[in-house]
Amino acid sequence: MNALAATNRNFRLASRLLGLDSKLEKSLLIPFREIKVECTIPKDDGTLASYVGFRIQHDNARGPMKGGIRYHPEVEPDEVNALAQLMTWKTAVAAIPYGGAKGGIGCNPRDLSKSELERLTRVFTQKIHDLIGIHTDVPAPDMGTNAQTMAWILDEYSKFHGHSPAVVTGKPIDLGGSLGREAATGRGVVYATEALLAEYGKSIKGMTFVIQGFGNVGSWASRLIHEKGGKVIAVSDITGALKNPNGIDIPDLLKHKEATGSLKSFNGGDSMDPNELLVHECDVLIPCALGGVLNRENAADVKAKFIIEAANHPTDPEADEILSKKGVIILPDIYANAGGVTVSYFEWVQNIQGFMWDEEKVNQELKKYMTKAFHNIKNMCQSHDCNLRMGAFSLGVNRVARATILRGWEA
């Protein structure tokens, strides 16, 4: 089942649980606006190349729309639609005043020089500058984009609208980026894990963890779990997989990856089959990489007691059912990886006030938001007698539905 079908299914189940009006349900699913623009740039060799850029703005009932911009060759409209919708529910679960959006350009950033990427970003911004804005739609980095991309968007947007640091988040610190943004998603995953484990009278210290994906989110989560006394016994990324039953020395592994660009040939662990990683014996499994990695083929063999969905949509619905029957507790992506967008919100707030926070304040606030959201989800689970995924979805959908009704959607 693809991401859109799964998101729609979860939305429908949540709306049944809440007893939403069927007309309202339909209205909530349809995106507010879909934008498609043609971006033609001169390549470095003087020839012209054309790309398609787009932005899907899903919902603005609770505030300006928020979501990433990805540069990727296969930008599937369906997937982008699902991700925009997911942002609407995710921001509502985290109780931050945004709706969802997502966008990007169909290109392969690896095939473009830095100056070509800059020209492409600027042309894209020129085409959509009047459809984004501080109180309208606030983009952020995603696959294939980074802080530099945001800096170009900010600069180009400011040519039309005056200096507007709050128009994008995930900016370089020197241009109004927030301290703590880099580690935010991974740190949020750890706060979410702590909140869940506390519910079962456990803590990170002494538990065993398996982490799939060692990019930004996976490496920060590993580092923080290691600092808190958790044992990371296996990790993997695109270059390979490692295990060490006594716990991997994460700071050492980070140094090794920094130096070699790979997890291979690290002497603090034995290499293992990456496919075995997800079914490795452990207390907590944290998928931080791609969607759909837990499916009906491997779900029955998962040995973890808790799964923390740091990636988007790592568990497909069939696996969800198999794992629930086994009594595995799944902390859903829509909550578990909301640390990133929460600190993006803090960045936006700081830019609007023109007053920057220190890192300690950012992390403190993030912990407050993540912990509070967990308790709100638990309350939803109790009042609707459902699992954490449905608790989170119904919390998010309910907040958006209430805002929509209060604003007078039938008039």
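The values are calculated or read from the model by the stated rules, or taken from the named source; none is laboratory data. A quick note: this is a predicted structure, and the numbers were derived from the prediction, not measured. Glycine gets a Cβ as well: all are built from the backbone with ideal geometry, and neighbour counts include every protein chain shown. We work out accessible area using only protein heavy atoms, side chains counted, and drop any ligands, DNA or RNA first. Shrake-Rupley method; radii C 1.70, N 1.55, O 1.52, S 1.80 Å.
Could you identify which residue out of 179, 131, 277 has the top mean-square fluctuation in a GNM of the chain using Cα springs shorter than 10 Å?
131
So which lysines can residue 326 reach, going by Cα to Cα under 16 Å and dropping same-chain residues fewer than 8 places off?
Output for residue 326: 303, 305.
Want the number for residue 146 to residue 111: 0.36 nm per residue separation, take away the alpha-carbon distance, what's left? Don't skip to the end; give the middle numbers.
On the way: separation 35, 0.36 × 35 = 12.60 nm, distance 1.62 nm.
Gain on extension, residue 146 to residue 111, equals 11.0 nm.
For residue 2 and residue 379, FRET efficiency with R0 = 22 Å and r from the beta-carbon atoms, rounded to 0.05?
Details: r = 31 Å, r/R0 = 1.42.
Efficiency for this residue pair is about 0.10.
In whole angstrom, how far apart do the alpha carbon centroids of segment 232-273 and segment 11-62 sit?
39
Which entry is the computed Rg and Dmax of the Cα atoms in Å for this structure: [x] 22.1, 72; [y] 21.0, 66; [z] 22.4, 77?
Checked against the structure: label [y].
Quick check: at a probe of 1.4 Å, how many percent of the accessible area of segment 57-138 sits on carbon and sulfur atoms?
47
Note down the relative contact order for the chain as a percent, whole number, built from C-alpha pairs under 8 angstrom at least six residues apart.
Relative contact order of the chain: 17 percent.
Within segment 124-240, how many lysine pairs that are 8 or more places apart, or on different chains, have C-alpha atoms less than 18 Å apart?
Here the count comes out as 6.
Could you please report the charge total around residue 22, scoring K, R as +1 and D, E as -1 over all other residues with beta-carbon less than 15 angstrom from its beta-carbon?
Combined, the nearby Lys, Arg, Asp and Glu give +1.
First check a/c for segment 229-286, with a ≥ b ≥ c the square roots of the eigenvalues of its C-alpha gyration tensor; if it is under 1.5, answer rounded, and if not, answer prolate when a/b is larger than b/c or oblate otherwise.
oblate
Could you tell me what percent of the DSSP beta bridges with both partners in the chain are antiparallel, to the nearest 5?
In the chain, approximately 50 percent of DSSP beta bridges are antiparallel ones.
Hey, quick one: spin label on residue 275, modelled 7 Å out along Cα-Cβ, who in segment 295-321 has an amide N within reach, i.e. under 12 Å?
297-298
Determine which lysines satisfy two conditions relative to residue 23: a Cα distance under 29 Å, and not lying fewer than 8 residues away in the same chain.
Output for residue 23: 36, 66, 90, 102, 378.
Which loop-located GluC sites (Glu not before Pro) does segment 58-148 contain, where loop means any DSSP state but H, G, I, E or B and the Cβ has at most 10 other Cβ atoms within 10 Å?
Answer in residue order: 74.
If you count, for each residue, the other Cβ atoms within 10 Å and average over each peptide, how do 149-155, 89-95, 361-367 line up from highest to lowest?
Taking the mean over residues of other Cβ atoms within 10 Å, the ranking is 89-95, 149-155, 361-367.
Between residue 318 and residue 255, what length comes free when the chain is fully extended (0.36 nm per residue of separation minus the Cα-Cα distance, one decimal in nm)?
The residue 318-residue 255 span can extend by a further 18.8 nm.
So how far, in whole Å, is the C-alpha centre of segment 322-394 from the one of segment 155-214?
11
Please label the shape of segment 98-253 as rounded, prolate or oblate, based on the square roots a ≥ b ≥ c of the eigenvalues of the alpha-carbon gyration tensor (a/c under 1.5 means rounded; beyond that, a/b larger than b/c means prolate, else oblate).
Prolate, since a/c reaches 1.5 and a/b exceeds b/c.
Assuming a ≥ b ≥ c are the square roots of the Cα gyration tensor eigenvalues, decide whether segment 110-159 counts as rounded (a/c under 1.5), prolate (otherwise, with a/b larger than b/c) or oblate.
It is prolate, given that a/c is not under 1.5 and a/b is the larger ratio.
Want the number for residue 303 to residue 352: 0.36 nm per residue separation, take away the alpha-carbon distance, what's left?
Values: separation 49, 0.36 × 49 = 17.64 nm, distance 4.66 nm.
That pair, residue 303 and residue 352, stretches by 13.0 nm at full extension.
Counting helices only, and only those DSSP H runs with n ≥ 4, report the 222 nm mean residue ellipticity of the chain as the sum of -39,500 (n - 2.57) divided by its residues, in deg cm²/dmol to the nearest 500.
Taking each H run of at least 4 residues, the total per residue is -14500 deg cm²/dmol.
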